[in-house]
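Down below is the structure, laid out as structure tokens.
The values are calculated or read from the model by the stated rules, or taken from the named source; none is laboratory data. Note that the structure is predicted; figures quoted are calculated from it, not measured. Every residue, glycine as well, gets a Cβ built from its backbone with ideal geometry; the counts of neighbours run over all protein chains shown. Only protein heavy atoms, including side chains, enter the accessible area calculation; ligands, DNA and RNA are left aside. Shrake-Rupley method; radii C 1.70, N 1.55, O 1.52, S 1.80 Å.
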Amino acid sequence: MLPNYDLIEKMKTEYGEKIACISIGTAGEMKMCSSTIACTDMELRPTRHAARGGVGAVMGAKGVKVIILDDTGMKMRPPKDPDKFKEANKKWVDGLRNHPVTGQGLPAYGTNVLTNILNEAGGYPTYNFKEGRYVDAHKISGETQAETENARGGPGSATHGCHRGCVIRCSGTFHDKDGHFVSKQPEYETVWAHGGQCGICDLDAIAKMDFMDDNYGLDTIEMGVTIGVAMEAGLLKFGDAEGAIKLIDEVGKGTPLGRILGSGAGTTGKVFGVERVPVVKNQALPAYDPRAVQGIGVTYATTPMGADHTAGYAIATNILKVGGYVDPLKTEGQIELSRNLQVATAAVDATGMCLFIAFAVLDQPETFQALIDMLNAFYGLTLTGDDVVALGKQILKTERDFNARAGFTAQDDRLPSFFKSEPVGPHNVTFNVTDEELDQVFNW
Ligand code: SF4
């Protein structure tokens, strides 16, 4: 078995450094539910992962360890209408640069800019979703992280594109106190999963776990939530960073305990008799408490992919006030919000664009139009805004049809019951969207 970083070094020796790799780590080789597919970044490091849903296990099951991309001799594909493409692209780039999230927040602090925002809103899940605010959040916030990265790695370490041509540049590099590479800048979800979820407020330990997850090929959300469930089970104490690091090592090496943990939070909860297990469709909940942000709860419950914030990012409208405002603590408007976001997201995902463009697209009609104009000019299409909505609906319909044939029913479109019975502070609120309302999300 070969971890991702060692694998890439081997591929560099064999094929040179002008390649890109798509690979699985040891977790994928063992066909674990938490395994990812890694893609190399601009520095040829395996840091960008298709992480959710255990996709690494699919490559593992097919016996595919790595796919090497070598574009030697290839030319750039020209757009069908270069002038129109150039014109639309200029509007597009201006739109991304002018929006406060894609032009300022993300480039300065990365996705971890969300830690202070969610903590302030009382929606930062802490100690396996027991509390909505983490007293030590400031120690692991995006502001602290960016300052640390720039001080250790030099100015600009927190402002980096994960691939050529990105306008937003929300990525970065994390170095240790002596200036040595530790990992790429851990994302908000990762910092939370290994941080607040486990009561760990040490950025160095979190960056180390981020590296281990990338190296073994593990979903950082699933691993962090699983460790939080293991802490709830009494395997180790909340806040035990060294213990958490050891558990990830067990997973990467495939020990019997590691294979249980690598099967994810749902399995770990069952094995150790934990009742409070934050999963939907056996996938761990991400970094937003659905009681304090009811719209994201609707997305977690109903998206065909299992608990997934990216499938309909209601945080945008509930918390960041992007694309309007819906009160996060009330149930009114959340079904419609999640539905519209899930439709739009399915379509944006189909373009191959990074999802972070959605902030500008949701808020600025001219930026949405620029995206459509770019696609039309590049491919010679005549897509309209209505076509994009129809595409999103068709994708969701196909996914739900797949799930139905795999045996999923409306009963799987639910949050774990503790979210309805246990109020979370500081707002002392439960998840109040009814099952009947949830069943209306896809009734358009
Ligand atoms: S905005 Fe998207 S593409 Fe750009 S650096 Fe961030 S994750 Fe990568």
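Apply the Karplus parameterisation 6.51 cos²θ - 1.76 cosθ + 1.60, with θ equal to phi minus 60°, to every residue of the stretch 354-363 and state each ³J(HN,Hα) to the nearest whole Hz, in sequence, with x for glycine and proline.
With the stated coefficients, the stretch 354-363 comes to 4, 4, 5, 5, 4, 4, 6, 5, 5, 8 Hz.
Run the quick spin-label model on Lys90 and Asn443: label points 7 Å from Cα toward the beta carbon, then report their separation in nm to one decimal.
A separation of 4.9 nm, rounded to one decimal place.
Please list 122-133, 16-27 highest first by mean number of surrounding beta-carbon atoms within 10 Å per residue.
With the highest mean Cβ count within 10 Å placed first, the list reads 122-133, 16-27.
Please give the Cα centre distance for the stretch 304-333 versus the stretch 158-191, rounded to the nearest Å.
For the stretch 304-333 versus the stretch 158-191, the Cα centre distance is 26 Å.
Tell me, what is the Rg over Rh of the chain, with Rh the Kirkwood radius over Cα pairs?
0.95
At 1.4 Å probe size, what's the solvent-accessible area of Ser421? Round to the nearest 10 Å².
90
If you place +1 on the Cβ of every Lys and Arg, -1 on the Cβ of every Asp and Glu, and leave all else neutral, what size is the dipole of the stretch 290-444 about its Cα centre, to the nearest 20 Debye? Working shown, then result.
Numbers: 10 positive and 19 negative charges, 49 e Å.
Using Cβ point charges on Lys, Arg, Asp and Glu, the stretch 290-444 gives about 240 debye.
Quick check: residue separation of Glu43 and His163 times 0.36 nm, minus the Cα distance between them. What number comes out in nm?
On the way: separation 120, 0.36 × 120 = 43.20 nm, distance 0.91 nm.
Residue separation times 0.36 nm, minus the Cα-Cα distance, leaves 42.3 nm.
Heavy-atom accessible area of Cys33 with all protein chains present, probe 1.4 Å, nearest 10 Å²?
Counting only protein heavy atoms, the figure is 80 Å².
How about the stretch 266-344: which chymotrypsin sites (Phe, Trp or Tyr not before Pro) there lie in a loop by DSSP and see at most 15 other Cβ atoms within 10 Å?
Tyr325
I'd like the trypsin sites (Lys or Arg not before Pro) in the stretch 176-238 restricted to DSSP loop residues with at most 13 other Cβ atoms within 10 Å, sorted by number.
Counting only loop positions with at most 13 other Cβ atoms within 10 Å, the trypsin sites (Lys or Arg not before Pro) in the stretch 176-238 are Lys177, Lys237.
Assuming R0 = 30 Å, can you tell me the calculated FRET efficiency for the pair Arg276 and Leu355, based on Cβ-Cβ distance, to the nearest 0.05?
Given R0 = 30 Å and the Cβ-Cβ separation, E is 0.55.
So, with +1 on the Cβ of K and R and -1 on the Cβ of D and E, and no other charges, what is the size of the charge dipole of the chain about its Cα centre, to the nearest 20 debye? Mind showing how you got there, number by number?
Working: 43 positive and 56 negative charges, 147 e Å.
Roughly 700 debye for the chain.
Quick check: residue separation of Thr384 and Arg400 times 0.36 nm, minus the Cα distance between them. What number comes out in nm?
That works out to 3.3 nm of additional length.
For the stretch 4-69, with all protein chains present and a 1.4 Å probe, just round the carbon and sulfur fraction of the accessible area to a whole percent.
57
For the chain, what is the accessible area per residue in Å² when the probe is 1.4 Å?
Result: 44 Å² of accessible area for each residue.
Mind giving me the nanometre distance, one decimal, between the label points for Asp178 and Asp435, set 7 Å out from Cα along Cα→Cβ?
A separation of 5.8 nm, rounded to one decimal place.
Using θ = phi - 60° and the Karplus curve 6.51 cos²θ - 1.76 cosθ + 1.60, what whole-Hz ³J(HN,Hα) does each residue of the stretch 196-205 get, with Gly and Pro shown as x?
x, 4, 9, x, 10, 10, 10, 4, 5, 5
Between Arg97 and Glu147, what is the label-point separation in nm under the 7 Å Cα-to-beta-carbon projection?
With each label point 7 Å from Cα toward Cβ, the separation is 2.9 nm.
Counting other Cβ atoms within 10 Å of each Cβ, which trypsin sites (Lys or Arg not before Pro) in the stretch 271-314 have at most 15 and sit in a DSSP loop?
none
With r defined as the distance between the Cβ atoms of Lys237 and Thr72 and R0 fixed at 60 Å, what FRET efficiency is calculated, to the nearest 0.05? Walk me through the intermediate numbers first.
Details: r = 53 Å, r/R0 = 0.88.
Efficiency, rounded to the nearest 0.05: 0.70.
Based on the alpha-carbon gyration tensor of the stretch 290-444 and its eigenvalue square roots a ≥ b ≥ c, which shape applies: rounded if a/c is under 1.5, prolate if not and a/b is larger than b/c, or oblate? Mind showing how you got there, number by number?
Details: a/c = 2.67, a/b = 1.50, b/c = 1.78.
The shape class here is oblate.
So, in Å, what gap is there between the alpha-carbon centers of the stretch 131-151 and the stretch 222-289?
What the calculation gives is 23 Å, centre to centre.
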